[in-house]
Amino acid sequence: MSAQDILVLAETNQEALADISLELLAGARQLAGGTGGQVVAVLLGPDGAKHADALSAADRILVIDDLQLAAFSPEPYLAVLESVVSSEGPRAVLIGSTTIGLDVAPALGARLDAPVLSGCQQIVVEGDTLKVTSAICGGKILADVEVKGSPAILLVLPGSFRPTEETGAAQVETLPSPVALKPGAVTFEELILPEAGDVDITQQDVLVAVGRGIQQEGNMEAAEELAHALGGELAASRPIVDQDWLPTTRQVGKSGMIVKPKFYLALGVSGAPEHQEGMSSSDLIIAVNTDPAAPIFEVAHYGVEMDLMDLVEPLTEAINARKGEA
């Protein structure tokens, strides 16, 4: 262990490694290059060892094997993390800005008397200082912060780092809990999933997202036809869902789903920071909006300033015609 190491809390979701874990690993890899330390991934739970291969880009993987950690519960997680971070003494601890991360990071910082930064998007090392760009006020303001104290607890926004393809021969250490654990005041009872029958937009390669610019519910059908012509599915920004034009399972953004399709076509989406948080890591983003100052153009790879309704039907016809020729 070293005071220059970067520790990552790896999360699992329904017995699978969560995407945020690989993103944090990539960020930790970059930071460790600046500090000269190692990347240490921490997996909590009795089945944690089965995820070790996916985290092989780490230098060390600590698997804390205890039945009390089989499902997330704040108090057991906090007790273990407090002990692990105290003994490892890392320069920084990267935690995803997820429901789990938001639950444990502030309390962990309080227990360790350590600085906690939320909304972290960029993190670099300059000498003995971590320089962090943090999104605050719902992403409307970006704050540049210098952190000299350690360990720094950094809540990282999903999509801030692209998962690394680097692999290695990480040293896996399976250990019992360093502290005695017992059920806390809050315990896991049941995971309630959305009703079946709708698509999972997080698994789609192509998404056509509609915003206020769609103007009226009657235009939704044309947008959906375009999505299907492209081989994708329809998604939406929050105003569309608030009007019940699409179910919440189709909402992209901070209060919806985090998506990373190969192609994201934003039709009439203004691109508020909360929406960008859910789609900015898409491989290719094309935005169509009548407002040249719309924030969506800041993250789009290509942009078109026009009324989406002048584009949707002709584009659908052209795509279907091309398919017919094929």
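The values are calculated or read from the model by the stated rules, or taken from the named source; none is laboratory data. All values reported here derive from a predicted model rather than from experimental measurement. Cβ atoms come from the backbone with ideal geometry, glycine included; neighbour counts cover every protein chain shown.
Does F263 satisfy the criteria of being in the same structural domain as E233 (by TED's automatic domain parsing) and touching a residue at least 40 places away in the same chain (Cβ under 8 Å)? So F263 fits the description; yes. Restricting attention to region 162-214, the residues being part of a loop (DSSP other than H, G, I, E, B) and among the hydroxyl-bearing types (S, T, Y) number 4.
Would you confirm, using the coordinates I've provided, whether A235 is at pLDDT 95 or above and either small (G, A, S) or assigned to a helix (DSSP H, G or I) (or both)? In short, yes. Looking across region 171-188, the residues that are of a type in the set (S, T, N, Q) and closer than 30 Å to V39 by Cα come down to Q171, T174, S177.
Of these, D59, D5, which one is in contact (Cβ under 8 Å) with a residue 12 or more places away in the chain, in contact with a Gly (Cβ under 7 Å, 6 or more places away or on another chain) and acidic (D, E)?
The unique qualifying residue is D5.
In region 278-302, the qualifying residues are those that are among the charged types (D, E, K, R) and more than 25 Å from E217 (Cα to Cα), and the one that is farthest from the chain's Cα centre (by Cα) is E298.
Would you check if A28 is assigned by TED's automatic domain parsing to the domain that holds T167, in a helix (DSSP H, G or I), of a type in the set (G, A, S) and crowded, with 24+ Cβ neighbours inside 10 Å? Yes, satisfied. Selection of region 247-257 for residues being touching a strand residue (DSSP E or B) at 6+ places or on another chain (Cβ under 8 Å) and buried (at least 20 other Cβ atoms within 10 Å of the Cβ) yields R250, Q251, V252.
Consider A209 carefully, then state whether it is surrounded by 11 or more Cβ atoms within 10 Å (Cβ to Cβ) and in the same structural domain as V288 (by TED's automatic domain parsing).
Working: surrounded by 11 or more Cβ atoms within 10 Å (Cβ to Cβ): yes; in the same structural domain as V288 (by TED's automatic domain parsing): yes.
Yes; evaluated as a whole, the condition is true for this residue.
The residues listed here are V252, V288; of these, the one that is at pLDDT below 95, of a type outside the set (D, E) and under 12 Å from V210 (Cα atoms) is V252.
When you go through L94, L130, L142, L157 one by one, which is the residue that is buried (at least 22 other Cβ atoms within 10 Å of the Cβ), farther than 18 Å from A32 by Cα, touching a strand residue (DSSP E or B) at 6+ places or on another chain (Cβ under 6 Å) and not small (G, A, S)? Talk me through it step by step, then tell me what you get.
Numbers: L94 fails: farther than 18 Å from A32 by Cα; L130 fails: farther than 18 Å from A32 by Cα; L142 fails: buried (at least 22 other Cβ atoms within 10 Å of the Cβ).
Just a single option satisfies the conditions, and that option is L157.
In this structure, A229 does not satisfy being closer than 20 Å to G159 by Cβ and surrounded by 12 or more Cβ atoms within 10 Å (Cβ to Cβ).
The strands (runs of 3 or more DSSP E) found wholly in region 33-110 and carrying at least 3 residues that are within 17 Å of G168 (Cβ to Cβ) and within 23 Å of the chain's Cα centre (by Cα) occupy 39-44, 60-65. Only one of the numbered conditions (1) modelled with pLDDT of 90 or more; (2) more than 19 Å from the chain's Cα centre (by Cα); (3) not basic (K, R) is not met by A26, and that is (2).
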